[in-house]
Structure formats: C-alpha cells, structure tokens
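Dumping the structure here so I can ask a few things about it.
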Amino acid sequence: MTMTKSTIPVDQLTPDEARDELAALAAEIAYHDELYYREDAPVISDAEYDMLRQRNAAIEARFPELVRDDSPNRRVGAKPSAQFGTIRHAVPMLSLSNAFDDQDVRDFTGRIRRFLRLADDAPLAFAAEPKIDGLSISLRYERGRLVQAATRGDGYEGENVTANVRTIKDVPDVLSGDDVPEVIEVRGEIYMTHADFAALNEAQAANGGKVFANPRNAAAGSLRQLDAAITAARPLKFFAYAWGEVSGGKPPGDTQWEIYQAFKRWGLPLNPLMRLCTSVDELLAFYHEIGEGRAGLTYDIDGVVYKVNDLALQERLGFVSRAPRWAIAHKFPAQQATTTLRDIEIQVGRTGALTPVARLQPITVGGVVVTNATLHNEDEIARKDIRIGDTVVVQRAGDVIPQIVSVVTEKRPPSAEPYIFPEICPACGSHAVREVNPKTGKVDAVRRCTGGLICPAQAIERLKHFVSRNAFDIEGLGEKQITAFYTDGLIRRAPDIFTLQRRDEASELTKLKNREGWGATSVAKLFDAINQRRRISLDRFIYALGIRHVGETTARLIARSYGDLETFLSAMRAIGTDPDGPQFHELDDIEGIGTTLARAIADFFAEDHNWEVIDALREEIEVQPMERAAASSPVAGKTIVFTGGLTRLSRDEAKAMAERLGAKAAGSVSAKTDLVVAGPGAGSKLKKAAELGIEVIDEDEWFRRVGEV
Ligand code: D41
C-alpha cells in the first residue's frame, strides 16, 4: 500500500488534486480500517491514522462537491472492543512519573526528604524492582478467591477480562494463608517471555494468523481474546507489585517489603530481582546492575521502579495528579535508529495549534515499528535544520511518541531545502500566528490558526473532544460520524448534538436513517446514546468544554472546588467581566491551578461565543453537582492559609494535606480566608488575619482539628 503524500496546504489544492487525493485517502483509510477492525493488526499508529482522516475531512470541508460515495466519513466501522464489559476500579490505578538519569533519582529522593522534613542522614528505605514491560492488571480476591480481573484502562475504568485471567497459571485462583484479607485487589503486570513470544509468532505465521510486533503486544492481544480458550493456549505470566482496595484499609504489614512477603506467602508470584535499598547510591547501583543483566532476562523490562518502603510515609507523601510522590520509574535509555524523513505534515489541534509531524520511512526501533515522530514546533525544526528527504536519527523511549534527535547531514540529498513552516492554516487558510506572551514578552513556540470558529479542523477537533471517552462519552459518535455530520452541517457546535434528534424528526427529506451507512436501528441507538448523556457530572462537563490546558485532572479540581454548575458559572461570569477581580484570584488559588491555567480559563470565559455554547447546552442537559472533596472533614470547603515556620510539616505537605481534607490552601490572607495556621515568625499575614478577624491557630491545633494528632 503506498502512502498518500502531500504537503500542499488544503487551501492551495486545485479541484483536480483534491479529487485525486480524496480517492487515494479513501482507499488508504479503508485499508487501515480493515487491518484495525478485522485483523487487530494496525500497521500505522493511531495518531497517523487520525492524520489521514483529518486531512480527508479538511479536503472534504473545502470541496464538499467532491465528497465521494465511499468517503471514509460515511462508513461506520465496527467498533473495536466494546465486547468486554468495563469495570470501575474501587481504588484508581495510578501512573508513575519517570526519571531518566541519576540526577532525576537524586532529585526524587531529595523532594521526598524535603516534603517529609527528613534530615539528609535520616534513614529512608526503598523497595526497588524491575519495571516489567507488560500490561497492568488488577485482580480482585474475595475471601481468598479470585472474583474479578480488570485491565488498567485509563486508571479509573478497565476492561473485564476475568475469564481470560482465570486461564493464566501464574495467577492463583485461591490465595492460601490465614491472613488473607476478606477483600483484596492485587495489582501487577501480565507479560510474555521472549521464548514464548517467538514460539507464538512462529505458530501464528504458520497458521496464517496475526504476527505480533513485540511480547507486550502479544500479551495484550492474548489477554483481549474474546474466546478464553485462545487465551488459555497463550503462555501469559504474572508478577504482583501493588494493591488496590483492601478490607481494613491496608494489607497486613507496615512496609512495601512486608506486603511483598505476604503476597509470596499467599502464593502470588513476585519478581525475584526485587531488592530493599537504603540509600540513593544503592538505588543507582541496583539500576545499573539490572541494566547490565537486562539482555539476559527472559522477559522485557524498560527500567526499574523505586517505592518508598514505609507505608505510613507513602500515605503522607500522597499524589501529584495521578502519580504517587513516593514512587518513580527509572527508565533505561531510549533506543535509536536512522531512517529517512519522507514528509512533514501539519496537524491542526482543538485550540488551533499547528503541530508538525514527521512522516518516516518505517523503521524498527527497539522492537517497534515507527512511522512517524513528533517535531514539536517550528523552532525545533529550524534548530535541528530538519529537511524533507533527510536521514534522521529517531529515538523511542517507553510509551512516549518517537522523537527526531538529529539529522545525519552527510547523507543530505543536494536537493533538500530548508523547511518553511506554513503561515496559513492548512485546514482553513486563515493566518497562523505566534502569539507574544504578555508576561514574558516572548514569542510563543506554537503557531496557531486564527480561524477560530471558521476553521473546520478546530471545530471538528473540539467536537471530537466533546464526545470523547472522558468527556461526554457518546457511543456511536466517533470521529467519522462527527466529521461527516460536521461536513454536512448537521452538527457544527456541541449543542447541535442534543438537538439532532428533534431536527431529524422534524425533517421531511433528509432523515438520518436514510444516510449511507445508517439505518433505523443505528440511528435509534445513536439517539439513545445521546439521550443517556443529558445528565453529566460537573467535572466531565468542564473537561468537555475544551478549555486550553484544562485536562481531566484540572477539570476535576475545578469541579470539586466549585461544587455545582451555578456556582462555577457565576464565578466564571465574574471573571469574564473582571479578569483580575477576586473571583480570578480565587480560581488562581486552587491548589494545582497555576496562573497560566487560570488565565486560559479566564480567556475562555471572556468569549461570547463560548457562553452561547454553554447557554445552548444548558437548555439540553443537566449538570450534576460534584461531591466536594472529603466533605466530611472538619475543614472541608474552607480556605486555609499556612504561614510562618511549621515544624512537623513542610509547606508542600501542609498544602497537600489540606487539599486531601477538602480544603483549599491559599497563598494570601483575604476576606475569603476561613482559617490561618501560623507558626513561629509569621508576619504580615498574621497581622492581616487579625485585622480581618480571621481565626488563627498553631500547628498542633491544626493536627488536633483534623484528627491526626
Ligand atoms: O513492573 C511494572 N511495570 C510496575 C508498574 C511495577 N513494578 N510497579 C508499579 N508500581 C506502580 C505504583 C507505584 C503506582 C503502584 C507499576 C505501576 N505503578 C504502573 N504501571 C503502569 C502504570 C503504573
């Protein structure tokens, strides 16, 4: 299959070129759909596939008369795997932050000591273990029996793969021992050994079956078999390394290491290379030792993981967004390879950012086929002087998008010209500009399309975001449907989704069920899916708005902080009219929300058209209030200022503790402050609190109040 290659911006295509390219794209996308849906063996990445579809959509938007009968946007493909039920993890499965060199590890332990106010020479032990390159899984045991197994999924919800996991010999059906908790979720990694992987691929090839790219994919593909008998025939293995819900709060033991010993007693497999370390130097020695032995292992690892051993300290350290402060993955260096850069394509994102993507001659880097790489932005391209046709060094590290490290200039073809970054949006032809940051006076690295509402790429990306899994999660309204509905003018803005059924019922001629690829049943299903989402939680609603920089975590923080839609919107209305008023500072003061983020939110609510969308949405949907974080704690909902020297807590830990208890930790005392916790040496803030008549307590009283004496 040849790839469609075009660097011509969409708005410069002639109708003939557009017709040809649409034909090529239709064939190419159909080919990839087939591989993806029927064979579960895509040869391009999702991002690359998305790019094809986006280019197709952009051309169709500009040349509606050229939209083909077999346009990719008119076909409704089989959904990947809705076959497995989803399971909500009782305790979310966290992610891990990464360290890439020794210094990162020293910073990690330094941060922990500072956070806990531990002296440099105070003992601090870590459990160190190889990081298995497999799939994370959560196994739920009730009264010692395996009752449920779920993949990690997005950390909150995973797929129910119980039947398949039951076929894995490494996973005990029954835990043995008299100290097994009534309920325990054991977490760990499912993986496949190199030898088993090679044998599986050989058998697959001989039978004309699917050949997997690496052991990790083979393990994932095997676990996700609908027929558990197939999984049973696949040699999957398991190592335990963590836990989720446990009756009684925590498993028997006070340290990570003790829990591992309990796991072992109960019959769960542990990685034999785990080690208890008591200094950074020991951690680094462990890393280098494992790295040297890596090639001799029978399974893939991509680094090592360090975890604070003491569970009480883990508890105090808590999390930053979704990763624990008490653990880190120390990754092995990335793998590199050289290949040629075939093209540079420009993607237009939801907020108009023009992102250059390198299309590469496919190359295997560390066992994975790489066909594209991120180029970040135009400065990066200029700095590295990357040109189409160049031979480039590509690097892959873990799950991150491959990068171009450098150009092999000796191999540069004489015809290669410096790359000129487009100054107009390839999707809508508007000027694309680099904004100047008013604070720093620096030019933004990102060039943005100024087309805003008229840019079809931005509009489509916004809609895609709106219906995506962690936003409104509307089944049956995927990328293809959104693009087709957008192109045909049926859905231009989010509220249109909720009026689609009424408009369809009112229309005489162009009923949805008569569209190609649709029928009465699929249309009824779609309306059903849309109607099911007329009630939505505040955090999802905020996330769905697609405000720049506002991801899921931030949306949740905001939702928890304001509680309900009315409170949130009236604050945002105030900010929209007075961008530097008290409401803005309240937003800025939310722990985890920095000024850039607060500004982006303020900018969003300063736009009339965003209010139009929100108002129209409110006609159609009901936004459910959020439970405020830890509403039952004595300080929930309060705004607290810590000032002066604290002896038992670092400032960061105090802030995190307040947050955990549902309070807001603010930086300055104002009329909104409910409580000031002051240590020795508190100055002006204490004075201000006295002036305003705000209650002031000391650190010991703080601990008494929150019941953590
Ligand atoms: O071997 C692994 N892949 C591994 C993954 C491990 N040995 N330990 C892990 N520990 C955690 C925490 C500390 C968050 C319980 C992990 C992972 N997490 C993890 N794997 C994928 C996302 C997070």
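The values are calculated or read from the model by the stated rules, or taken from the named source; none is laboratory data. Bear in mind the structure is a predicted one, so any value in this text is a computation, not a measurement. Positions of Cβ are generated from backbone atoms using ideal geometry, with glycine treated the same way; all protein chains shown enter the neighbour counts. Ligands, DNA and RNA are stripped out before the accessible areas are found, and what is left, the full protein with its side chains, is counted by its heavy atoms. Shrake-Rupley method; radii C 1.70, N 1.55, O 1.52, S 1.80 Å.
Any chance you could check the Cα centroid distance between the range 184-228 and the range 9-25 for me, in angstrom?
41 Å
So, one more: Does a label point 7 Å from the Cα of L118, set along Cα-to-beta-carbon, have any residues of the range 281-323 with amide nitrogen under 12 Å, and which are they?
307-317
Counting only protein heavy atoms and using a 1.4 Å probe, what share of the accessible area of the chain belongs to carbon plus sulfur, as a whole percent?
Using a 1.4 Å probe with all protein chains present, the chain comes out at 50 percent carbon and sulfur.
Mind computing the radius of gyration and Dmax over the alpha-carbon atoms of the chain? Å is fine for both.
My reading of the Cα-based Rg and Dmax gives 27.5, 82 Å.
In whole angstrom, note down how far apart the Cα centers of the range 236-304 and the range 340-378 are.
36 Å
Put +1 on the Cβ of each Lys and Arg and -1 on the Cβ of each Asp and Glu in the chain; which of Q314, G517, A199 then has its Cα farthest toward the positive end of the dipole?
Of the listed residues, the answer is Q314.
Taking Cα centroids, how far is the range 133-157 from the range 621-681 in Å?
Centre-to-centre (Cα) distance: 34 Å.
Another question, then. Suppose R0 equals 35 Å; then what is the FRET efficiency for F319 and D343 from their Cβ-Cβ distance, rounded to the nearest 0.05?
Rounded to the nearest 0.05, the efficiency is 0.30.
Oh, and also: Suppose only helical runs count, i.e. DSSP H with n ≥ 4. What mean residue ellipticity at 222 nm does that imply for the chain under -39500 (n - 2.57) per run, divided by all residues and rounded to the nearest 500 deg cm²/dmol?
About -11000 deg cm²/dmol.
Using R₀ = 25 Å, calculate the FRET efficiency as 1/(1 + (r/R₀)^6) where r is the Cβ-Cβ separation of S247 and D154; round to 0.05.
With R0 = 25 Å, the Cβ-Cβ based efficiency is 0.50.
Taking 0.36 nm per residue of sequence separation and subtracting the Cα-Cα distance, how much length would be gained by fully extending the chain between T409 and L509, in nm to one decimal?
30.0 nm
Here's another thing I want to ask about it. Which lysines, on any chain, are close to K264 with Cα under 29 Å apart, when same-chain ones fewer than 8 places away are left out?
Within reach: K131, K169, K237, K250, K307, K331.
Here is a further query. GluC sites (Glu not before Pro) within the range 158-224: which are DSSP loop residues with at most 11 other Cβ atoms inside 10 Å?
Counting only loop positions with at most 11 other Cβ atoms within 10 Å, the GluC sites (Glu not before Pro) in the range 158-224 are E182.
Between A233 and S570, take the C-beta separation as r, use R0 = 51 Å, and let me know the FRET efficiency to the nearest 0.05.
In this case the efficiency is close to 0.25.
Right, next: If you take all C-alpha pairs in the range 448-553, what percent of them are over 25 Å apart?
Value for the range 448-553 (Cα pairs over 25 Å): 21 percent.
On a full-extension model of 0.36 nm per residue, what is the gain between D700 and V433, subtracting their alpha-carbon distance, rounded to one decimal in nm?
Once the chain is fully extended between D700 and V433, it gains 90.7 nm.
Hey, any idea what the orientation-averaged projected area of the convex hull of the range 210-260's Cα atoms comes to, in nm²?
Reported value for the Cα convex hull: 5.4 nm².
In whole Å, what three semi-axes, largest first, describe the equivalent ellipsoid of the range 336-478 built from its Cα gyration tensor (square root of 5 times each eigenvalue)?
Each semi-axis is the square root of five times an eigenvalue, giving 29, 21, 14 Å.
Considering only DSSP states other than H, G, I, E and B, which GluC sites (Glu not before Pro) in the range 642-709 qualify as loop sites with at most 14 other Cβ atoms within 10 Å?
For GluC sites (Glu not before Pro) across the range 642-709 that sit outside H, G, I, E and B with at most 14 neighbouring Cβ atoms in 10 Å, the list reads E708.
Run through the range 347-440 and list the GluC sites (Glu not before Pro) located in a DSSP loop whose Cβ has at most 14 other Cβ atoms within 10 Å.
E423
Hey, in the chain, which Cys have no second cysteine's beta-carbon closer than 4.7 Å?
When partners are defined as cysteine Cβ atoms under 4.7 Å apart, the chain leaves C277 without one.
Give the dimensionless ratio obtained when the Cα radius of gyration of the range 578-709 is divided by 2.2 N^0.38 Å.
So the range 578-709 has a normalised radius of gyration of 1.24.
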